[in-house]
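Structure, as structure tokens:
Just so it is clear, none of the values below were taken in a lab; they were calculated from the coordinates. Fair warning: this is a prediction, and the values are worked out from it, not measured in the lab. Positions of Cβ are generated from backbone atoms using ideal geometry, with glycine treated the same way; all protein chains shown enter the neighbour counts.
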Amino acid sequence: MRRKFIAGNWKMFNGPKATSEFINKFSAEIKASPEVIKAVADGSEEIALFVPAISLTAAADGVKELPVIIGAQNCHWEKNGAFTGEISVPMITEVGATHVLIGHSERRHIFREINEELNKKVQAAVEGGLVAVLCVGELLEEREAGRAFDVIREQFIEGLKGIDAKTAAEKIIIAYEPVWAIGTGKTAGNDDAEEICGYIRKLTAERFDGETADKIIILYGGSVKPENTKGIISQPDIDGVLVGGASLKPESFIQIVKNAL
Ligand code: 13P
């Protein structure tokens with residue numbers, strides 16, 4: 001049985017003060033939810049928050065007594081250097097974060113990050129001890145042109161170059177986020193989401209092996225809300241969700257965490 005992985009991606013919301021306020025409220029929600037505490041304690045569910053770089057310290061300090069994982073939204077592949085505006089893997093681990101998003105569609109399409117760079121980031125992240133959440137997903141025009149599978153394959157294969165099977169199973173999570181479903185209120189139909197997540201599992205078996213494919217955690221993201229969580233999470237190849245807007249309110253995020261149990 002694979003564990004469930006329920007993650008919020010705050011994008012460019014919540015500075016350190018708002019982060020501490022969120023965590024205080026979210027802490028109360030978790031403490032009032034024994035079923036969540038039990039699921040996290042027995043390893044069947046993980047809860048993660050991917051917060052802005054400037055809020056990582058506040059977040060990691062805030063969750064010290066809570067079963068919540070903290071992650072960064074991006075990293076550079078070098079440890080130090082003349083890379084103005086960037087943060088490195090050792091900096092992320094130093095503040096107590098354990099995970100990092102790599103290749104979110106906003107990084108790919110607004111900041112023009114390419115597979116080759118994303119692969120360097122994935123390698124640096126896992127070498128530095130982080131779990132890398134590699135995001136993949138097609139644009140609407142790519143889907144309409146019948147190219148969704150090809151785009152996913154290329155992002156997956158190129159993004160995971162140089163990664164071995166053990167690392168893939170233990171240190172990589174794949175998040176499928178169709179770009180047309182992000183922030184639009186349009187969720188991929190459960191069948192469409194499952195079709196691509198099943199394809200990603202098949203790709204994992206081809207690129208690594210069957211055991212790795214059984215183990216790897218695959219998430220769906222794009223307009224996930226408390227109301228659609230159950231339907232999404234009940235798909236056989238979807239192990240969790242990566243939530244944008246609905247993770248910004250403790251009340252809706254805890255509801256997603258509960259509905260995924
Ligand atoms: P929304 O849940 O706001 O659509 O964002 C999805 C996303 O991009 C999560 O990484």
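Per-residue answers, yes or no, for (1) touching a Cys at 6+ places or on another chain (Cβ under 6 Å); (2) part of a loop (DSSP other than H, G, I, E, B); (3) more than 12 Å from the ligand (Cβ to nearest atom):
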site	(1), (2), (3)
Gly185	no, yes, no
Thr204	no, no, yes
Val224	no, yes, no
Pro236	no, yes, yes
Ser252	no, no, no
Val257	no, no, yes
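Working only within the range 92-133, note down all residues that are in a loop (DSSP other than H, G, I, E, B) and of a type outside the set (Val, Ile, Thr). Can you show your working first?
Our first condition is that a residue be in a loop (DSSP other than H, G, I, E, B); within the range 92-133, this holds for 95-98, 103-104, 110-114, 128-130.
Correct list: Gly96, Ala97, Gly103, His104, Phe111, Arg112, Glu113, Gly128, Gly129, Leu130.
Look at Ile69 and say whether it is surrounded by fewer than 17 Cβ atoms within 10 Å (Cβ to Cβ), closer than 29 Å to Ile157 by Cβ and within 16 Å of the ligand (Cβ to nearest atom).
Details: surrounded by fewer than 17 Cβ atoms within 10 Å (Cβ to Cβ): no; closer than 29 Å to Ile157 by Cβ: yes; within 16 Å of the ligand (Cβ to nearest atom): yes.
No, not satisfied.
The conditions are (1) within 11 Å of the ligand (Cβ to nearest atom); (2) assigned to a loop (DSSP other than H, G, I, E, B); (3) closer than 19 Å to Asn119 by Cβ, and Lys161 fails exactly one of them. Which is it?
Unmet for Lys161, out of (1) within 11 Å of the ligand (Cβ to nearest atom); (2) assigned to a loop (DSSP other than H, G, I, E, B); (3) closer than 19 Å to Asn119 by Cβ: (1).
List, please: which pairs have Cβ atoms under 7 Å, are six or more places apart or on different chains, and start with a residue in the range 54-69 that is under 21 Å from Ala132 (Cβ atoms) and free of Cβ contacts under 8 Å to residues at least 40 places away in the same chain and end with one that is in a loop (DSSP other than H, G, I, E, B) and aliphatic (A, V, I, L, M)?
Once the first residue is under 21 Å from Ala132 (Cβ atoms) and free of Cβ contacts under 8 Å to residues at least 40 places away in the same chain and sits in the range 54-69, its partners that are in a loop (DSSP other than H, G, I, E, B) and aliphatic (A, V, I, L, M) give Ala60/Val95; Ala60/Ala97.
Residues are listed down the side, and each one gets a yes or a no for (1) of a type outside the set (A, V, I, L, M, F, W, C); (2) within 16 Å of the ligand (Cβ to nearest atom):
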site	(1), (2)
Lys11	yes, yes
Lys25	yes, no
Ala28	no, no
Ile47	no, yes
Glu65	yes, no
Glu94	yes, no
Ser105	yes, yes
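Which one of these does Ala168 not meet: (1) farther than 11 Å from Asp237 by Cβ; (2) in a helix (DSSP H, G or I); (3) out of contact with any helix residue (DSSP H, G or I) (no Cβ under 7 Å at 6 or more places or on another chain)?
Only one criterion in (1) farther than 11 Å from Asp237 by Cβ; (2) in a helix (DSSP H, G or I); (3) out of contact with any helix residue (DSSP H, G or I) (no Cβ under 7 Å at 6 or more places or on another chain) is unmet by Ala168, namely (3).
Would you check if Leu139 is within 22 Å of Pro178 (Cβ to Cβ), under 19 Å from the mean Cα position of the chain (by Cα) and buried (at least 23 other Cβ atoms within 10 Å of the Cβ)? Break it down stepwise before answering.
Numbers: within 22 Å of Pro178 (Cβ to Cβ): yes; under 19 Å from the mean Cα position of the chain (by Cα): yes; buried (at least 23 other Cβ atoms within 10 Å of the Cβ): no.
So Leu139 fails the test.
If only one of Ala193, Ala181, Ala246 is more than 12 Å from the ligand (Cβ to nearest atom), among the small types (Gly, Ala, Ser) and surrounded by 15 or more Cβ atoms within 10 Å (Cβ to Cβ), which one is it? Working first, answer last.
Numbers: Ala181 fails: more than 12 Å from the ligand (Cβ to nearest atom); Ala246 fails: more than 12 Å from the ligand (Cβ to nearest atom).
Unique residue meeting the criteria: Ala193.
Could you say whether any residue in the range 175-192 is in contact with a helix residue (DSSP H, G or I) (Cβ under 8 Å, 6 or more places away or on another chain) and closer than 20 Å to Trp77 by Cα?
Initial filter on the range 175-192 (in contact with a helix residue (DSSP H, G or I) (Cβ under 8 Å, 6 or more places away or on another chain)): 176-180, 182-183, 186-188, 190.
So of that shortlist, the ones also closer than 20 Å to Trp77 by Cα come out as none.
Looking through the range 175-192, none of the residues is in contact with a helix residue (DSSP H, G or I) (Cβ under 8 Å, 6 or more places away or on another chain) and closer than 20 Å to Trp77 by Cα.
I'm trying to understand the selection: among the residues of the range 70-83, which are free of Cβ contacts under 8 Å to residues at least 60 places away in the same chain, touching a Leu at 6+ places or on another chain (Cβ under 9 Å) and outside any loop (DSSP other than H, G, I, E, B)? Working first, answer last.
Applying the first criterion (free of Cβ contacts under 8 Å to residues at least 60 places away in the same chain) to the range 70-83 yields 70, 72, 74-83.
If we keep only those that are touching a Leu at 6+ places or on another chain (Cβ under 9 Å) as well, we get 70, 72, 74-75.
If the condition is that a residue be free of Cβ contacts under 8 Å to residues at least 60 places away in the same chain, touching a Leu at 6+ places or on another chain (Cβ under 9 Å) and outside any loop (DSSP other than H, G, I, E, B), then Ile70, Ala72 are the ones that fit.
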